[in-house]
Each structure stands twice: as C-alpha cells, then as structure tokens.
Amino acid sequence: MIYNPKKKNVIAGMKGGLIVSVQADEGSPLDNPAIISALAKSVAIPGCVGLRINKPRNIIAVRTAVSLPIVGIYKIYREDGRVLITPTFEIARMLVEAGADIVALDATDYPRSPSETIPELVGRIQSELGVPVMADISTFEEGLAAAGAGVEIVATTLSGYIRKPFASLYDPPDLDLVNRLSEVLPVPVIAEGRYNTPELACKAIQAGANAVVVGSAITRPGSIAEMYVHALASGVTSGDEPERTNAFI
C-alpha cells in the first residue's frame, strides 16, 4: 500500500491525546458547516490532537479553518433506525477528497447491505485513497477481525450502540473492552463512547488507549443540558430514564 508520508504519521501524533467529535444531528440548530467549523476551531485551541467530522461538506469547512488531523465519517440513517458509518468506497472517496486524513468505518458484524466486505473496503481505501482506516467496533471479536482485515486503528465507538439495550449518556464507558483489545492488538486502540468526564478519559489511557474521542460532552449542548435536566429531575421526582438510542455515536 502507498501512503502520503504526512498521513502515515498522523496516528503517531495522536498518542495520549484528545480527539474531539464535532457533529450535529440532522435538523439540529447546529447542523450547519459554518457552525461545525466554528466549534472545531474552538476545541482546537486547548490542544486536542484531532477531530472527528461527519459529512464531506463539514470536512471541507473544517479543513479550511483548522490544520488538525481529521477523522472523516459519513453517517447513513436506515429506515430501521440503524446508523451505518461510511459503508461504501465511494463514500470514503468523498471524505478523502473533502480533506479527511483518516477514514472511519463501521466494522461490526451487523449485516451490511453493500456487497463489499470489510477487508475489501479497507484494502481499497488504503491502496486507492492512500489514507489509514479506523475501524469502529462494538465487541472484542469485532476488534480482532478488524485488525485482521488490516486497519491501522481500532476504536470502541460502537460499544453499546448496536444491540439493545442501547447505552445511554448515563452509562459508563466500556473500559474493559479498551483494556482487552489494547493487550492483544498490534494496532492502536482508540477509546470512544461515553467518556463524559476528564477522569474517564484518563482512565481510558490508563487502560491502554492510544487516544480518546469525546463528542457529546464537549460539542453537543443539547446533550449536556439533557444530563443536567435528567439529574435535577431524578433528584425531585421518580420517572423512567429517557429512551436509549444510538444517536450519540
């Protein structure tokens, strides 16, 4: 495989750092490339090591404003509620052409509609687009399979979001998965999913993570407000926890 040397060194430069996922749900007041770019510039100032950005239009806006490495993704929302992350090569191509330095994709064992297998998709992205691939997984076995498919990074992004009961903002992150994968994989493991405090992010590094991705707790004011509202309401009245979804990946 042939890499642009700059992109080959991107992963090493992320070690021990914070990657901020700057995203907005469709229909959100923040769902605007100019706003996503402004948020990216804001979180870049304290010293994060990378950004995770959804959709080419947002990547283009962020790329013109920030020099940090970009992990590009493209979320496809299916009618059954399942979210697929960068499911095809053509989508990956759009992300790289927009300015992504790394492509992240769904590498779970959830049934895929495209005919291209994970190893085939990974190989094409690496050889034809010249960028590293991050595998978003949900289980230990999926992490092993992704590493076997040749990805450069395995991320615990989808732990708790593939099968019911879905994890919520109030559940702890899957530190055990980070620890188990980091002990056996020959590639860096990135912790992602419900690292809602600096203390939890530090625990991820201690568990063996190469870096930590944080999104909702930093860049989604609606989610942050929801946690406060939930905490205050639960302290006064009894009620059911909000419905769990996979909207926070």
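The values are calculated or read from the model by the stated rules, or taken from the named source; none is laboratory data. Just so we're clear, the structure is a prediction, and the values are computed from it rather than from any experiment. Counting neighbours? That spans all protein chains shown, and the Cβs are built from the backbone with ideal geometry, glycine included.
Note on segment 75-98: among residues that are of a type in the set (G, A, S) and out of contact with any strand residue (DSSP E or B) (no Cβ under 6 Å at 6 or more places or on another chain), the one that is modelled with the lowest pLDDT is G81.
Taken over segment 143-152, residues that are out of contact with any Leu (no Cβ under 8 Å at 6 or more places or on another chain) and either free of Cβ contacts under 8 Å to residues at least 60 places away in the same chain or crowded, with 24+ Cβ neighbours inside 10 Å (or both) amount to 6.
Is there a residue being surrounded by 24 or more Cβ atoms within 10 Å (Cβ to Cβ) and of a type in the set (A, V, I, L, M, F, W, C) anywhere in segment 216-238? First the steps, then the outcome.
Keep residues of segment 216-238 that are surrounded by 24 or more Cβ atoms within 10 Å (Cβ to Cβ), which gives none.
No, every residue in segment 216-238 fails to be surrounded by 24 or more Cβ atoms within 10 Å (Cβ to Cβ) and of a type in the set (A, V, I, L, M, F, W, C).
Just one of (1) without any contact (Cβ under 8 Å) to a residue 40 or more places away in the chain; (2) exposed (fewer than 15 other Cβ atoms within 10 Å of the Cβ); (3) more than 24 Å from G208 (Cα to Cα); (4) among the polar types (S, T, N, Q) fails for N9. It is (3). Comparison of G72, G50 shows that the only residue that is touching a strand residue (DSSP E or B) at 6+ places or on another chain (Cβ under 6 Å), in contact (Cβ under 8 Å) with a residue 40 or more places away in the chain and not hydrophobic (A, V, I, L, M, F, W, C) is G50.
The requirement of being among the polar types (S, T, N, Q) and farther than 22 Å from I73 by Cβ is satisfied by T197.
Quick one: is G27 outside any helix (DSSP H, G or I), on the phi > 0 side of the Ramachandran plot and touching a residue at least 60 places away in the same chain (Cβ under 8 Å)? Explain how you work it out, then say what you get.
Numbers: outside any helix (DSSP H, G or I): yes; on the phi > 0 side of the Ramachandran plot: yes; touching a residue at least 60 places away in the same chain (Cβ under 8 Å): no.
So G27 does not fit the description; no.
Here segment 76-102 is the region considered, the condition is being in contact (Cβ under 8 Å) with a residue 60 or more places away in the chain and part of a strand (DSSP E or B), and the residue that is surrounded by the most Cβ atoms within 10 Å (Cβ to Cβ) is I102. Looking only at residues in segment 107-157 that are in a helix (DSSP H, G or I) and among the polar types (S, T, N, Q), the one that is nearest to N54 (Cα to Cα) is Q126. When the residues of segment 188-202 are narrowed to those that are surrounded by fewer than 19 Cβ atoms within 10 Å (Cβ to Cβ) and more than 17 Å from G47 (Cβ to Cβ), which ends up modelled with the lowest pLDDT? Among residues in segment 188-202 that are surrounded by fewer than 19 Cβ atoms within 10 Å (Cβ to Cβ) and more than 17 Å from G47 (Cβ to Cβ), the one modelled with the lowest pLDDT is T197.
So, of the residues in segment 160-218 that are among the basic types (K, R) and part of a loop (DSSP other than H, G, I, E, B), which turns out to be nearest to the chain's Cα centre (by Cα)? Even if it seems obvious, please write down each step before you answer.
First, pick out the residues of segment 160-218 that are among the basic types (K, R): 163-164, 180, 194, 203.
Keeping just the survivors that are part of a loop (DSSP other than H, G, I, E, B) gives 163-164, 194.
Values: R163: 17, K164: 20, R194: 11 Å.
So the residue we want is R194.
Restricting attention to segment 68-77, does a residue exist that is among the aromatic types (F, W, Y) and more than 23 Å from S127 (Cα to Cα)?
Here is the first cut: in segment 68-77, the ones among the aromatic types (F, W, Y) are 74, 77.
Of the ones still in play, those that are also more than 23 Å from S127 (Cα to Cα) are 77.
Yes, the conditions are met somewhere in segment 68-77.
Total residues in segment 104-122 satisfying the condition of being touching a residue at least 40 places away in the same chain (Cβ under 8 Å) and surrounded by 17 or more Cβ atoms within 10 Å (Cβ to Cβ): the figure is 4.
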